[in-house]
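Here's the structure we're looking at; comments come further down.
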Amino acid sequence: MLTQWWKILPNAITSVRLLFAAATLVLLDILSRTPLLDRGALGWWVCGIFVTAALSDVLDGWLARRWNVVTAYGRVMDPFVDKVLILGTFIFLAAPGLAAGSTDSRIVGSGVAAWMVVVMVARELLVTSVRGFLEGMGKPFPADRFGKAKMFMQSVAGPWCVFAASETWIMNYDFCRVGHQVVLWMAVVLTALSGIPALWRAGSLLRGPDNGNTNARAPH
């Protein structure tokens, strides 16, 4: 029998994750105002906190489903924290302080363009609006494998772009520069494409009976 303390553990992890997300954004702001040659250690801190927040997202959802303690708080706050962490990080990465490198063509900064962030934000607004509409009708709309893959790729691209903007020496190597572009573009393309199956599934729910998963915790 689980005690009350254990029952609230998933929500406690979600709350702590919000603090991690906020800390990530504060450090990114500081990083953007730090000279290129002095960013190394701070960049590692940003990456570490980001990865910790991303991994804890898997943990709190898994615990909530395993212990059957899915709550309204978790269903609202879990995706909210995801959006703060992911979208907030990419917004900072697209800002001039981190997006641009230097006159040296080997130093490319984060490589994140403003239009890439627009794509990410637009996808999230669209899917979140559809989800709110469907769940308001009593039709659960949990994440599918495309949404989870999108979240995973964004969670890889985010810290990698932070690393590229802080440890500028890495772009001296051609394979790192190519890998940087591949990871970033995969995140952007997968974000855009993941909205298509979400919309298709939404249309199916509107046309057919409710067959959603009521035990899902955190749609992405």
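Coordinate-derived values only; no laboratory data. The shown structure was predicted, so the numbers you read here are calculated from the model rather than taken from an experiment. Every residue, glycine among them, receives a Cβ derived from its backbone with ideal geometry; neighbour counts consider all protein chains shown.
Computed quantities for the displayed model
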{"item": "Loop-located trypsin sites (Lys or Arg not before Pro) in region 45-95, at most 13 other Cβ atoms within 10 Å (DSSP)", "result": "none"}
{"item": "13 Å beta-carbon shell around Phe146, net charge (K/R +1, D/E -1)", "result": "+4"}
{"item": "Centre separation in Å (Cα based) which lies between region 11-49 and region 142-210", "result": "20"}
{"item": "Length-normalised contact order of the chain in % [C-alpha pairs under 8 Å, at least 6 apart]", "result": "28"}
{"item": "Neighbour-count ranking [beta-carbon atoms within 10 angstrom, fewest first] of Cys47, Cys161", "result": "Cys47, Cys161"}
{"item": "Lys/Arg +1, Asp/Glu -1 at C-beta; region 96-198 dipole; positive extreme among Tyr173, Ala122, Phe133", "result": "Phe133"}
{"item": "Value of [θ]222 nm, deg cm²/dmol, for the chain, DSSP H segments ≥ 4, -39500 (n - 2.57) each, nearest 500", "result": "-25000 deg cm²/dmol"}
{"item": "Stretch gain in nm, segment Glu135-Val121, where the contour uses 0.36 nm per residue and the Cα spacing is subtracted", "result": "3.0 nm"}
{"item": "Positive-end residue of Ala53, Thr24, Pro79, charge dipole of region 1-101 with Cβ unit charges", "result": "Pro79"}
{"item": "Lysine pairs within the chain, Cα separation less than 23 Å, 8 or more sequence positions apart or different chains", "result": "5"}
{"item": "Listed values (i) 0.94; (ii) 1.28; (iii) 1.02, entry calculated as Rg/Rh (Cα atoms, Kirkwood Rh)", "result": "(iii)"}
{"item": "R0 of 25 Å, Cβ-Cβ distance Val58-Leu19: FRET efficiency to nearest 0.05", "result": "0.90"}
{"item": "Net charge over other residues, Cβ less than 11 angstrom from the Cβ of Ser155 (K, R count +1; D, E count -1)", "result": "0"}
{"item": "Dipole moment magnitude, nearest 20 debye, region 4-207 about Cα centre, only Lys, Arg, Asp, Glu C-beta charged", "result": "720"}
